[in-house]
Every structure is written in C-alpha cells, then in structure tokens.
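S.K.: Mind having a look at this structure? Questions to follow.
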Amino acid sequence: MADIIHLGRERKSHRLKTIEASPCSIECPLGTNIKSYVSLIAAGRFIEALEVVRRTNPFPGICGRVCPHPCEDQCLRRDIDEAISIVALKRFLADYELSCSILPRYERLNNDKDKGKVAVIGAGPAGLSCAAYLARVGYKVNVFEALPLPGGMMAVGIPAYRLPKDILRVEIAAIEALGVKIDLNVKIDEQAKFDKLVREFDAVFIATGAQKPRRLDVPGEEDVRHGLVDWTTLLREVALERREKPGDSVVIVGGGNTAVDCARVVLRLGTKNVQIVYRRSREEMPAYRNELADAEEEGIKINFLASPVRLLVENGKLEGVECMRMRLGEKDSSGRRRALPVQDSRFDIPCDAIIPAIGQELETSFLGAKHSLRISGEHLLVVDRDTMATNQKGIFAGGDAVTGPASVVEAIAAGHCAAQSIIRYIDGLPFKYPPVEIRRDLAELTVEIPPPQKMLRAECSRLSAGERQDSFDEIYRGLTEAQAVAEAERCMRCGPCLECNECVGVCDKRQVIVEAAGLSAAKKLEGPGTLVRVAAQDFVFSGNRAEQYETSVFTVEIDEHLCRGCGLCEEICMYRAMQVVYRGDGIFTANVNEDMCRGCGTCVAICPSGAIKQNYFTARRINHLVNATLKRCGSRFPVVIFACRWNAALKYESDGLPAEIIRVMCTGRVTGGDILKAFQKGAAGVLIVGCANDDCHYGFGRRAADENLKHVSDILSLLGFGPERLRVLQISAEGGQELADMVKDFLKYIENLGDIPTGREM
Amino acid sequence: MIEIDKLVEQYNILDVGEHAEKLNETCPVAGVNLEFSPEKIAMLAKKDPGALVESPLIWECLACGLCRQVTEQRVDMSLFIRNVREQASNSGFHGTETHGGMLITTQRLSAFTSANPRRTGWINEALKVESGKGKYLYWVGGAPFFDAVMPELKPAALDSARAAILLLNKLGVRPVVLENERFSGHDLLWTGDTKGFRSLADQNMLAIKNSGAKVLIVSSPEDYYTLAKSYAEYSGGLDCEICHITEFVANHLSELKFSEYRQRVTYHDPCRLGRGMGVYDAPREILRAIPGVELVEMKNTRDYSSCCGTSCWTNCNRYSKLIQINRLREAASVGAEALVTTCWECAIHFNCATRPEAWRQVFMDVSDLTVLAASLLQG
C-alpha cells in the first residue's frame, strides 16, 4: 500500500503530461487500454468496459485477482494521493458479468476459416491465450493438457483463497466456445508423441510451464523417504480436492509467492506450526507485500536471513533441518543484495516436513534425448524474445517454460506474442519485425483545470484472520458497484487526449458533441467528463417552467455543496423525486426530479445537513412567521400552531386566542429546529395540527411528522420543559371549531404549568 | 469586541504565509475543498477583516488544531477562528446548522432556562451511581440528546456513557451523575455564542461545586477540553481534578481483566483529546491490555491525526463526508478491521459517512473504546 502522499501541487493550474499512451498502458505487458475501460466504468458502461479488457486479456477475472499490477506503479494520480486501484476495477468487471449471469463472449477478429492447424502443449495462461488469439482469427487450435483440468498454474498453482475455481472455469469456457479444443489427461511425454505433433500441425507452441521444483542441494536430501514434499504436488493435490496435511511442523524454504502460498495452504490443511525460511531479509522478499502481511496475520512465522545447510534424517524420516544464519552483502547482478553465510551460526529447526519452494525448471523428458532445441543453463527453453520462436522452424515456446516462474500477465503476453508470430509464420511472412518504440515524452501541456480533490483509493474488504484460517474461501471481496464507479472517476485519463472537454466548452455545437459522446439526456450524469455533463444538463433544464405543475412553486432544491448524499431524503420521499446520484470525484449528492416533486417539504425536515431548501417555505420565512406570530399574540402564554394547509382545521379562527396558525404544505415539513426555536423565542407551547392519517394529502407526510416529532418530545423532556408543551393533533378539514376548543384546553393546561423558566437571553 | 488585526497578531496568523505550502497540504479541508485553504483565511484577515467575518470560510474551518501542530505551535488558527466566529455571530453571520438546528438550539435553550433537566433516565439497574454528593463525578455530556436525535446511528453515545459507568463500578467507583448537568458549552463557544457558553459554564461550575466532587471523569473529548481549558480561560476553572475516562481506566489497568478479542484495530485520535488535551497513550494502553487486539497505526496519527470532518453541529457537508471517507480508507489501508475512537461525535460522523448502503464507499467498523472495553470485562 502506497503511503498517503502529500506532494506539492499548484493550486491554480494542474500539469498533466501528454504522452503517446497512458503510462499505465505502457507499463502493462499486454498494453491494455486502461484509460478507456476505466472511463467506461465511470460512465457505468460495465459490459463495454469488459469488452475493452478482453481485447488484450482473456482472463480479466483472474488478472483482477492475481496480477502484480505494474500499471498502478506508473499511475500519475500518485502525485495527488494514491494510484487508481486498476486491478480491483478489472476484477469488478468480471465479477459484475458473472453476477449478471452473462456468459463471457469474444468477438471474432475476422471471418476467416481454416487458416491452419496449431498444436499447443499446456493449457496454462500462455497456452490458452495463444490458443484464444489464434482461434479469433480463424485458426484451428488443439491444446494438450497432462492434468485432468485446464488452467495450468492458475488451476493447480494458485490456491483457491486467492483465485476461486469457478472464475477460472468461466473464463476457460469462453475460450472453448471460440472452438479451441482442449484435450485433458494427454501427456506429451515421449519424443515420438512430440514428433507426431510437429508432423501433423502447421506449428507447435510449447507452453508446458516449469513444474520440476528445484532441489535444495544439501546433504541429507537423498536420504529422506518421508517428509520431503514437492510443492507442485502439494498445491496440485489440494487443487484436486485431495487434502492431507504434510506434517505437524512444516518448514517452507523460499521467499517468493509460491513459498507464501505453500505456507498458507499447509496452515489451512490443519498444520499449526508453519514456518518460512528465507535467506535474505524482508526487503528483498519477492512475494507480494499484502500476501506476506496476510500470511503473517494468519500466524505463519518467517525466519529471515536463514538458509538450510543439511536435512536431519533418522531412518528415512525427516527430523529437522539444520540452518545457517545469513547476512546481506553487496548487490548481485539481479540488483538484490547477496546473502552471505555467517560463521559458526548453525542452528536446528525441528520439523517433520520440508517444502523447498526455491524455483522451478522445465521438464524436458518429452523432447527425448536427441532433441535439437536450445536449453539454457537454467534448464529453460531458449527463444527469440521478440517472436517466441525457438531455434527449430515451426516450434514456438513461451510462458514459464521460457522465463521460469513468472506472473500470469507475462504468460498471457508471451502467448499473444507467439500467436502473432505463428500467424506470420504460417502465412509465410517474415515474422521478425522491429520492436515498436514508445515515446514517452511527446509533449507537456499545462491546462487550467483545478487539480482533483484528494480521495484515497478504494480498499476491498476481506475476511478476518480468524475466518480464513481453516478455509479456502476467497479472502478479498471485490468492489461494490458504487465503489467501482467512484474509483474509476479518480482516473485522470492521462494520455494523448486529456478528455478535459475544453473543446466542448468552446464549441457552439454542443449538442452535437454531447450526442457524439454517446450521452442521451437521460444519461447526463454518467458521462466521463464534467463539461459534457454540464452541456447535457443545459439541454434538459431549458424547458418552460410555466408549463410545470402548479405545485412546482413549492418544490425543493438541493445545495450540492451542503449535501452529503446520505440518502435519507431518497428513503422518505414516496414520490421518488429524490435520488442520490454520482457527481464525480467521489461525491454523491441528492438530485431532485422536479417533475416528480410535489412540494410537501418532508425531505427538508429529514435532511441532516440542511442541504434541502423548499421554495417559498424557506427556513428563513418560517423563522419570520414564528417571530411575527409571537409578536401578534402579545400574551404571557403564546402558542404557535404549525398546520397542514390541505386537510386540517381549515376554518379555524383564532378569535382573540393567543394561538395563531402557521400554514405549511405538510406537517412533515416542520423541523425539530423550527419547534425548538419557537420555544427559544418565547412560545409557551407548540401545536402541530395535521390531517387525519388516512386523509394525508401526500400519503406519507403525516407519518413522517410523527416520527420526527418524537425526537423533539424526547429533547423537551430531557431539558425539563415537559414534553406536554408540544402536542400533535389530528384534525379533519372541517374541524375548525374542534381545534379552537382544543386550543382553549391547551392554553388552560400550559397556564397551569406556568412560564417556561427562562432568562429570555436567547 | 476585539479588532481582527489584534487577533491576527495574537495568534500569529500572518505566519501562515511562511508555512503556506505545508499548511495547505496538511489541512484536511483544503485537501477536499479546493475553495478553502488556511492561506486564504490569512490573506482575507490581512486584506479585508470585514469580509472575513462575513465569509463562509470561517465556518468551513474545523478548528482542529492541525495548523498549530504543523507550524510548531506558532499559528493558532483554531483559537483565531473561535474569536472571529464570536464577532461573526454577534453581527448575525452563522454557519449552516445541521439537523434543522435542533441540537444547537437545544444547547441555547439549555443555557438560558432554569427548568430542571431530567436527564438520567438512561441509567439502568445494572449501573451503580450516587445522586447528590460524592468524591467522583461522571460527566455525561450531550449523550442523551444525541441518541434522541439520531437513534439509528451505532455505537450509541449513551451506550458509551453506560459502559464508562460499568468500568468505574468495576474499579470500585460509584460516581455521582448530576440530574441538573447542562451542556458543557463547547458547541456554543465554538460557534461564537459566548454569552450562552458563559451561562452554561456558570451553572455547571456551581453544580459541580455543590456535588463536592474531587475527581471529575469525562467521556466526551469536547467536554473534557471545555471543562478543563475553556472554563479556566473564562471563569478561573474548576476546583477539582479532571480526567478523561480512558486516563482513569488506564491508570487502573492492573485491576481489570479483559476477555480475548481477536481483531486488528486502529485508533483515531479525536482532535480535542489528542491535540487539545495531549492524551494519546491512555486509549492505546487500554487497547493493548485487551488480549488478541492488534493495534496498528494510521499514517496520520497522534498529534497529526486527521479530524473527523465536522464539529459543533454546524457545516456538515460533502467535504466533511470526503474527509470521513478518506479517514476510513486510511484505516483500511493499514489493514485495520475496525477504527476505534473515544469520541461519540467522531463515531457518529464516521458512521454517517457510510450511508446510504446502496452507495457505500467504504467498509470499516467504527467502535467506541469504552463500549469495547466494558463489553470485554471479565468477572
């Protein structure tokens, strides 16, 4: 998690760099157009956003969970507060699609058929993305997978609590729907089988991954018959629902994500004592920070600066591991500090199982003894990294088999790269072309727009350490729709076009632009840019006011600066005139649909922040009416009556009684403040006169008033005023005399109570 | 009425210029409201004091005291604002009252009525309290009123007051709870109603004196600050020891035993308790004493703690909400499962920021330390 950054910024103008592509997209190994799909999310167009993602990435749901998101490291929003949570947005899209039960579908990129036959060995991310790409342009692809399920390391290497299996199933099913044939349980493990593929297909793509775990290479390793566990087997067995704990006290060696995954899986299998041994310090550990923190929270111990030197074995059974303390030396060629042994620092860790997770290499047995493919010193296939071609014609390779353990997104990139080369190879085109150079310094432009407000990135909620200890349920929950839209709005849309919409502002053909931006009047609040929104709004509200309802005189208005978007008005308004809408920059405020508003004013009384103003019956006017009424009463015991103007005691005459009526549209409009202020100004009592419940002109205003006035009663009682000084009456339209009688009663009652003992300083 | 330029000098407001960049960046309001900055207030105070008094800027300021912290105790923006608001209020300029003015009007009524408050109805049989006289006095503050106006927001202020008494009982203390306690006057003082504040202070000081209390234990940080500092500033102060409930409990931790509670929490320092009264450690000591609780710190913590976004039931708006959401996200970003605070009002504000459910921006439990501690008491 990035720290909260308080960098200096100019207050008047905000500098944005325009570069050939957005920095996030440049950094993405797939070149995904992040700005485009994030903008679509901000506009609420989720399915279209997902289509943009799928143009370059067949696994949005998977990458939305496990991608190391190098894009976020480049996000320019970090200069203001924090990077956009791009990875969480991608996941949101996939989850959204799944929750709508929409099956993911790819568009074919052309109508070609039978362009050629390609064999892919291995149904992991590299193999499947290569297959998907080829299938979309008309190739017949056959994928051969040794395991009983597709997905490669995504299926049997990443535990379910990070990547639930149904996500994988859906995304692979979409690739199969393109016509890709996946043959499971087919091992290409002999030279004869491999050679047959080379003969029968136009091209072969090797994406077998690297499953052979590296050995510890320490004394004792050969003697162990029980207790030396191979991590690929462990994770695979768990993925295939064969769950047996490897021991009661388990040591994992390594510092990568695999080591952390193994430790957390072992913990979930029921082992209480799990320890990771890593030869460098926390700083150098390649595992993701949050995964590491989560693991430690679950109770996994990490023994830094330690390296195994010998396994302690008794009759073939592992009894422990002897380790040596390490210290950090100079940086090595990889840029990490070298781990050097500390003299005389040996110590034992007792354990009954050890899992080395220090890297993998390629299983090459299928190539046979006499193959001519180049293999590197690290036991990986050697290819031309620009084309993924091996030294043998028609054979391509990519993914972990070439790079060693790497991320899903890198494997997908390799798959796509290989697919493009395969197409050129089969078409007989030269497939080596110069790499495209991206210019990052195209221009710099200063735009006079205010800098965005500080708004920290959205955080996904997650299961607590206790809840997840013995469960393989997914730990992180995705963003909600509201969170996703707000998060996407944080994006500053860096890139060649700033989408600042200045052009819309200066162009007198605004409607054309608004329409071109795909914004109908109804969608006015969903557009990606403020000015487009403003322009659209102009068109909506230019109607003739005089044609609106008679009651429109009393409709309410929202002060958007005061509104907190708490939604209480939306809850209370039965006319659905109030709706909380998203205004951009993480701000939600209520919006009044004036056509729906009937002007009862009930929402005014419920609003906690004073953001709603009722036309005509403003707070100021009511205040003034109260003052005037009290002045006219001229009694020692003046009474203020707030009454509904529709159906309550319409023929009431005060006839000299010190009790005058202030008519409002509905008693629901009377706020607690109005009543308390009447007392403050010297009223001895307050009457609220509403219509009978079933006679309420607005249907719900009267009930809302009852609810609201309960609070005021409680307050009066706490203050010691006696709640009886406030009475709520229900009187029908004809009940003028009835009210007069009640007022007389009430006056007698409060005269008995006496003055409110105030110093009248108020 | 004191002239604005004298106030400017007294509180070193012109020094804002020298620290402008840093102040504008740390100010929680300036971060979310681009129309606002401490620098703007300082400029206006210098160029056009009359306009400052009428300006909404003085009501947008949270008076959270962070300016003082950032400038090494030089620029006292919060006291400056308090004094300017007094002038504004006298000239008829006010902030926007929340809840239709219900809570602030209640306090004005409380200041000028001699009606006898009836505010101890919430004390149930499980709580042991004294009425009348005693060595210890527990100050309830506005809790019964807050709960009456916002019964839907949890944790409820009265739950916290009940929890405080439970903790005190457990330590063998039966505190006096005054039936005629009034609002402390914090909100009136900080919205410019000095007359109302003085009236409340006089009545409260008399009531406390009559109770014979030697130790006054307070839950609300705002009340604690007011009773301890503002009363001293206006009327010479109270003749007894005043402490916050967390200080009292932290001093007697060895006598309390808590059940295990597995949660990773972060602690939000309320402005008046932290920067106001310098109480940072007591709440943390209590949290550390609860087995299973893991305390993580946010980036802006202790004397640099961010404000909860609004105070005095005035000017609570979209910017307040952004501040609150940012604070809750800050808690989430350090992996906390709950944000714990000792201020009812902070808790109310944070909880309000998560509404409405359909547009929820952040998921973070907000808990009250006193309620948490009391609910885990053993034996």
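The values are calculated or read from the model by the stated rules, or taken from the named source; none is laboratory data. This structure is a prediction, so every number in the text was calculated from the model and none was measured. FYI the Cβ positions are ideal-geometry reconstructions off the backbone, even for glycines, and counts take in every protein chain you see. For accessibility, only protein heavy atoms count, side chains too; no ligands or nucleic acids. Shrake-Rupley method; radii C 1.70, N 1.55, O 1.52, S 1.80 Å.
S.K.: I'd like to check something: does the stretch B:129-152 contain any residue that is within 11 Å of chain A (Cβ to nearest Cβ), farther than 25 Å from B:THR246 by Cβ and in a loop (DSSP other than H, G, I, E, B)?
M.R.: yes
S.K.: Out of all the residues in the stretch A:454-480, which are surrounded by fewer than 17 Cβ atoms within 10 Å (Cβ to Cβ) and charged (D, E, K, R)?
M.R.: Within the stretch A:454-480, A:GLU467, A:ASP470, A:ASP473, A:ARG477 qualify.
S.K.: If you don't mind, there's one more thing I want to ask. I need a count of the residues in the stretch A:176-193 that are over 36 Å from the mean Cα position of the chain (by Cα) and either over 25 Å from A:THR390 (Cα atoms) or surrounded by fewer than 21 Cβ atoms within 10 Å (Cβ to Cβ) (or both).
M.R.: 8
S.K.: Can you tell me which residue is nearest to A:TYR582 (Cα to Cα) among those in the stretch B:316-353 that are assigned to a loop (DSSP other than H, G, I, E, B) and more than 8 Å from chain A (Cβ to nearest Cβ)?
M.R.: Among those that are assigned to a loop (DSSP other than H, G, I, E, B) and more than 8 Å from chain A (Cβ to nearest Cβ), it is B:ALA336.
S.K.: Continuing with the same structure: Filter the stretch B:111-128 down to residues that are of a type in the set (Val, Ile, Thr) and surrounded by fewer than 20 Cβ atoms within 10 Å (Cβ to Cβ) and give me whichever is nearest to the other protein chains (Cβ to nearest Cβ).
M.R.: For the stretch B:111-128, the residue satisfying everything is B:THR120.
S.K.: Then there's this: If I filter the stretch A:72-107 down to residues being of a type in the set (Val, Ile, Thr) and modelled with pLDDT of 90 or more, which single residue comes out as most open to solvent (accessible area, probe 1.4 Å)?
M.R.: Of everything passing the filter in the stretch A:72-107, A:VAL87 is most open to solvent (accessible area, probe 1.4 Å).
S.K.: Going by what's in this entry, would A:ALA173 be described as open to solvent by 30 Å² or more (accessible area, probe 1.4 Å) and over 22 Å from A:TYR425 (Cβ atoms)?
M.R.: Yes.
S.K.: Could you list, in sequence order, all residues of the stretch A:720-756 that are assigned to a loop (DSSP other than H, G, I, E, B) and small (Gly, Ala, Ser)?
M.R.: Result: A:GLY720, A:GLY722, A:SER732, A:ALA733, A:GLY735, A:GLY754.
S.K.: Let me ask something else. Could you tell me whether A:ILE731 is within 14 Å of another protein chain (Cβ to nearest Cβ), in contact (Cβ under 8 Å) with a residue 40 or more places away in the chain, surrounded by 21 or more Cβ atoms within 10 Å (Cβ to Cβ) and among the β-branched types (Val, Ile, Thr)?
M.R.: Against the criterion (within 14 Å of another protein chain (Cβ to nearest Cβ), in contact (Cβ under 8 Å) with a residue 40 or more places away in the chain, surrounded by 21 or more Cβ atoms within 10 Å (Cβ to Cβ) and among the β-branched types (Val, Ile, Thr)), A:ILE731 does not qualify.
S.K.: Consider the stretch A:229-265. How many of its residues are open to solvent by 40 Å² or more (accessible area, probe 1.4 Å) and at positive phi?
M.R.: Total satisfying the criteria: 1.
S.K.: If B:LYS257 passes every condition in (1) of a type in the set (Lys, Arg); (2) under 24 Å from B:LEU372 (Cβ atoms); (3) surrounded by 21 or more Cβ atoms within 10 Å (Cβ to Cβ) but one, which one does it miss?
M.R.: (3) is the only condition that B:LYS257 fails.
S.K.: If I filter the stretch B:82-102 for residues that are within 14 Å of B:CYS312 (Cβ to Cβ), within 7 Å of chain A (Cβ to nearest Cβ) and of a type in the set (Lys, Arg), do I get at least one hit?
M.R.: Within the stretch B:82-102 (the criterion being within 14 Å of B:CYS312 (Cβ to Cβ), within 7 Å of chain A (Cβ to nearest Cβ) and of a type in the set (Lys, Arg)), the answer is no, since none of the residues qualifies.
S.K.: Sticking with this one: Evaluate the stretch A:560-568: report whether one residue or more is more than 24 Å from B:CYS312 (Cβ to Cβ), basic (Lys, Arg) and either open to solvent by 20 Å² or more (accessible area, probe 1.4 Å) or at the interface with chain B (Cβ under 10 Å from one of its Cβ atoms) (or both).
M.R.: no
S.K.: A follow-up question, please. Which residues, taken from the stretch A:573-595, are crowded, with 21+ Cβ neighbours inside 10 Å and touching a Cys at 6+ places or on another chain (Cβ under 7 Å)?
M.R.: A:CYS573, A:ALA577, A:MET578, A:THR589, A:ALA590
S.K.: Can you name every residue in the stretch A:208-232 that is farther than 20 Å from A:GLY124 by Cα and not in a loop (DSSP other than H, G, I, E, B)?
M.R.: Within the stretch A:208-232, A:HIS226, A:LEU228 meet the criteria.
S.K.: If I ask for residues that are within 13 Å of the chain's Cα centre (by Cα) and open to solvent by less than 10 Å² (accessible area, probe 1.4 Å), which ones from the stretch B:225-234 would you list?
M.R.: B:THR226, B:LEU227, listed by residue number.
S.K.: Restricting the stretch A:596-605 to residues that are crowded, with 22+ Cβ neighbours inside 10 Å and of a type in the set (A, V, I, L, M), which is farthest from the other protein chains (Cβ to nearest Cβ)?
M.R.: A:VAL604
S.K.: Would you be able to say whether some residue in the stretch B:310-331 is of a type in the set (Gly, Ala, Ser) and surrounded by fewer than 24 Cβ atoms within 10 Å (Cβ to Cβ)?
M.R.: Taking every residue of the stretch B:310-331 in turn, none turns out to be of a type in the set (Gly, Ala, Ser) and surrounded by fewer than 24 Cβ atoms within 10 Å (Cβ to Cβ).
S.K.: I'd like the residue in the stretch B:354-363 that is open to solvent by 10 Å² or more (accessible area, probe 1.4 Å) and part of a loop (DSSP other than H, G, I, E, B) and, out of all such residues, is farthest from the other protein chains (Cβ to nearest Cβ).
M.R.: So the residue we want is B:THR354.
S.K.: Next up: Is it the case that some residue within the stretch B:111-119 is outside the structural domain of B:GLY309 (by TED's automatic domain parsing), modelled with pLDDT of 90 or more and either under 24 Å from A:PRO723 (Cα atoms) or not polar (S, T, N, Q) (or both)?
M.R.: yes
S.K.: Within the stretch A:101-207, which helices (runs of 4 or more DSSP H) (wholly inside it) include 1 or more residues that are free of Cβ contacts under 8 Å to residues at least 60 places away in the same chain?
M.R.: A:125-136, A:165-176, A:191-200
S.K.: Among the residues of the stretch A:627-636, is any surrounded by 24 or more Cβ atoms within 10 Å (Cβ to Cβ) and touching a strand residue (DSSP E or B) at 6+ places or on another chain (Cβ under 9 Å)?
M.R.: Within the stretch A:627-636, none of the residues are surrounded by 24 or more Cβ atoms within 10 Å (Cβ to Cβ) and touching a strand residue (DSSP E or B) at 6+ places or on another chain (Cβ under 9 Å).
S.K.: Next question, about the same structure. Which ranges mark the helices (runs of 4 or more DSSP H) fully within the stretch A:381-477 that have 1 or more residues being modelled with pLDDT under 90 and within 14 Å of another protein chain (Cβ to nearest Cβ)?
M.R.: Here the list reads A:465-468.
S.K.: Within the stretch A:668-708, take every residue that is polar (S, T, N, Q) and within 14 Å of chain B (Cβ to nearest Cβ) and give me the one that is farthest from A:ASN623 (Cα to Cα).
M.R.: Looking at the filtered set, the residue picked out is A:ASN708.
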